[in-house]
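Student: Pasting a structure here, questions to come.
Bear in mind these aren't lab numbers, they're just calculated from the coordinates by the rules spelled out. As the structure is a computational prediction, the values presented were derived from the model and not from experiment. Every residue, glycine among them, receives a Cβ derived from its backbone with ideal geometry; neighbour counts consider all protein chains shown.
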Amino acid sequence: MNSTEKIIYRIITIFFNLLGLIPLTWLRKLGRLIGRLFFLIDKRHRNITIENLTHAFGREKNPGEIRNIACKVFENLMQTPFELTLIPKLRRKGLGSLITVEGLHHLQAAYQKRRGILCLSAHVGSWELLPAVLSLLGYPPDSIARPLDSKPLDIFVSKLRTWHGGGIIPKKSSMRTVLKRLKQGKLVGVLLDQNANRRDGVFVDFFGRPASTTKGLALLALKTEAPIVPIFLVRDGSHYKILCAPEVPLIRTGDKAKDVETNTQLYTKIIESVVRQYPDQWFWLHRRWKTKRHRPRPKS
């Protein structure tokens, strides 16, 4: 970092430490308040959120219900940065009083295969707390992430994400590093719920619409046969809950392209099922269906 970036980094650190002095319950209330405010003034993202929710739930919920969920999406999202102050305070002892863990035996069983683990997750609930909690439970993950645009902020957030163990794998050209980590028997976390470009993605169904989804996870599973275990961390009132599902079966027919699509569809349906359970805790502000299929040109 240059001198200016170092100053910005110190300011961020001081501000974060001051926030850490405030009780988490107050910070979460503040986050919800800020979320409601942004819902009112950020017309662009409000419209994206309502549009996405309408496509997903328009047949089940009326416009008023969808708008209410959309507002809660903003409330939940704005709690996330404040919840980062919890990370340095987390301890293995006493973790159970704050976080309920469901299905940890699925993760333990996958580790017994000694081929590393691919952790399937998404931007749902308080996903930023997940690496810290997994580390404290004895399963430190290496998370694939795109560096933030601000270098001081990226360094600061990366430090928090690895506070209790694990590491960060830059998203760009990550395949070789991931293969190395899996060979070492480590857990690698992959968030599979964002739009992918045509080159890197495969179109699968997500809430009834074709969504371009990165095919990297399926390619890794087919190459390494590392078990894929879905893990999500959601808010549960004033507490949290980790949802750890059974290992996802690997489908292999010999047709690589078809296998990539079939397995990616399977992963995406798992994410959709969790989002349906907690619709106000997913990142609906994202243009998940931005990439479109090529339309065949009409014959002249």
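Student: Using 1/(1 + (r/R0)^6) with R0 = 35 angstrom and r between the beta carbons of S273 and T13, what's the FRET efficiency to the nearest 0.05?
Tutor: 0.35
Student: Can I ask one more? Output the peptides 186-199, 65-78 sorted from most to least packed, where packing is the average of other Cβ atoms within 10 Å over each peptide's residues.
Tutor: Going by the mean number of other Cβ atoms within 10 Å, highest first, we get 65-78, 186-199.
Student: Around T100, which amide H atoms from residues at least 5 apart in sequence, or from another chain, sit under 5 Å from its own amide H, with H modelled in the peptide plane?
Tutor: Y240, K241, I242
Student: Related question: Can you list residues from other chains, or at least 5 along the same chain, whose modelled amide H is less than 5 Å from the amide H of I169?
Tutor: HN-HN under 5 Å from I169: S143, I144, A145.
Student: Hey, another quick one. Could you tell me the largest-minus-smallest coordinate of the C-alpha atoms of region 3-281 on each of the three principal axes, in descending order and whole angstroms?
Tutor: Reported extents, whole Å, longest axis first: 54, 45, 41.
Student: Using Cα-Cα distances under 8 Å and only pairs 6 or more residues apart, what relative contact order does region 3-281 have, in percent?
Tutor: Relative contact order for region 3-281 comes out at 22 percent.
Student: If you don't mind, another one. At a 10 angstrom cut-off on C-beta neighbours, averaged per residue, how do the peptides 5-17, 268-280, 236-248 rank from highest to lowest?
Tutor: Averaged packing, sorted descending, gives the order 268-280, 236-248, 5-17.
Student: Express as a percent, rounded to the nearest 5, the fraction of DSSP beta bridges in the chain (both residues included) that run antiparallel.
Tutor: In the chain, approximately 40 percent of DSSP beta bridges are antiparallel ones.
Student: Quick one: of K6/K241; K93/K183; K223/K269, which pairs are farther than 26 Å apart, Cα to Cα?
Tutor: K6/K241; K93/K183
Student: Convert each backbone phi in region 224-241 into a coupling constant with the Karplus relation 6.51 cos²θ - 1.76 cosθ + 1.60 (shift: θ = phi - 60°), then list the ³J(HN,Hα) values in order as whole Hz, x for Gly and Pro.
Tutor: For region 224-241, the Karplus curve yields 10, 6, 5, x, 9, 10, x, 9, 9, 10, 10, 7, 9, x, 8, 10, 10, 9 Hz.
Student: So what are the ³J(HN,Hα) numbers for region 160-168, from phi and the Karplus equation (6.51, -1.76, 1.60; θ = phi - 60°), rounded to whole Hz, Gly and Pro as x?
Tutor: 5, 5, 10, 4, 9, x, x, x, 10
Student: Taking only the alpha-carbon atoms of region 57-117, what semi-axes of the equivalent ellipsoid follow from 5 times the gyration tensor eigenvalues under a square root, in whole Å, largest first?
Tutor: One finds semi-axes of 34, 21, 11 Å for region 57-117.
Student: Identify the residues of region 231-270 with backbone N under 17 Å of a label point that sits 7 angstrom from the Cα of L222 along the Cα-to-Cβ direction, or state none.
Tutor: Of the residues in region 231-270, 249-268 have backbone N under 17 Å from the label point off L222.
Student: Please list, in order along region 136-146, the HN-Hα scalar couplings obtained from phi with the Karplus expression 6.51 cos²θ - 1.76 cosθ + 1.60 (θ = phi - 60°), rounded to whole Hz, x for Gly and Pro.
Tutor: Per residue, the Karplus-derived 3J(HN,Hα) values read 5, 7, x, 10, x, x, 9, 9, 7, 8, 7 Hz.
Student: If you average the sequence gap of Cα pairs under 8 Å that are 6 or more apart and divide by the length of region 1-95, what percent do you get for the contact order?
Tutor: 42 percent
Student: Per Stokes-Einstein, at 37 °C and 0.692 mPa s, what whole-number D in µm² s⁻¹ belongs to region 125-221, with the Kirkwood radius over Cα pairs as the hydrodynamic radius?
Tutor: 225 µm²/s
Student: A further question on this structure: Per residue of the chain, what 222 nm ellipticity follows from adding -39500 (n - 2.57) for every DSSP H run with n ≥ 4, rounded to the nearest 500?
Tutor: About -14500 deg cm²/dmol.
Student: May I pose another question? What number, in percent, do you get for the relative contact order of region 124-238 if the mean sequence gap of Cα pairs under 8 Å and at least 6 apart is divided by its residue count?
Tutor: 28 percent
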